[in-house]
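Data first, discussion second: the structure below is written as C-alpha cells.
The values are calculated or read from the model by the stated rules, or taken from the named source; none is laboratory data. Keep in mind the model is a prediction, meaning the values are calculated, not measured. All Cβ positions, glycine included, derive from the backbone under ideal geometry; neighbour counts span all protein chains shown.
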Amino acid sequence: MIARQRPFVVSDIQATADDFFHAISVGTNSTVAFLQTLQNDALGLGWIPRPIIPRKLRPKVKKKPRRVVRTDEHDRLVEPAPDEEWRLDLQLLWFTEASQTGGANLGLSNLDWTT
C-alpha cells in the first residue's frame, strides 16, 4: 500500500490513495476503469498536481473469459423482441456468430458472394 499522504483538495472534495484503494477493493472492473479515467482527466485539467495512485501501483483489470450464447439463451432473447427488425438483427448475429460490433460493421464489401 502507498504511504499515507496529505489529501488532495479540489473544491470541497478530498481523496487519498487509501480512498481510491478502498473503492477499488469493493468495486468491479468498471470501478477501476472509472477511477483511472477520473484521475487521468483531473491530471490533464490540472485539478491535481500528481497522480493519486501512480500508474505502476494501479490494480490490473481482471478480464473474464468470454463464452458463446447458448441456444436457450438466444431463444429467450429473440422471443420478447420488440419488433421484427430487432428480431431479425438478433437472428443475423446468431447465424453468423458475430458480436454486436462485428454485426454493426458488416457491409456488402465484407461478404463473399461467390460461395
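Could you check, for the stretch 11-29, whether at least one of its residues is at pLDDT 80 or above, of a type in the set (A, V, I, L, M, F, W, C) and exposed (fewer than 12 other Cβ atoms within 10 Å of the Cβ)?
Yes: the stretch 11-29 contains one or more residues that are at pLDDT 80 or above, of a type in the set (A, V, I, L, M, F, W, C) and exposed (fewer than 12 other Cβ atoms within 10 Å of the Cβ).
Which is at pLDDT below 80 and of a type in the set (D, E, K, R), of Lys60, Lys56? I'd like the intermediate steps shown before the answer.
Details: Lys56 fails: at pLDDT below 80.
Just a single option satisfies the conditions, and that option is Lys60.
Against the definition (of a type in the set (Gly, Ala, Ser), farther than 19 Å from Gln14 by Cα and within 25 Å of the chain's Cα centre (by Cα)), how does Gly107 come out, yes or no?
No: the conditions fail for Gly107.
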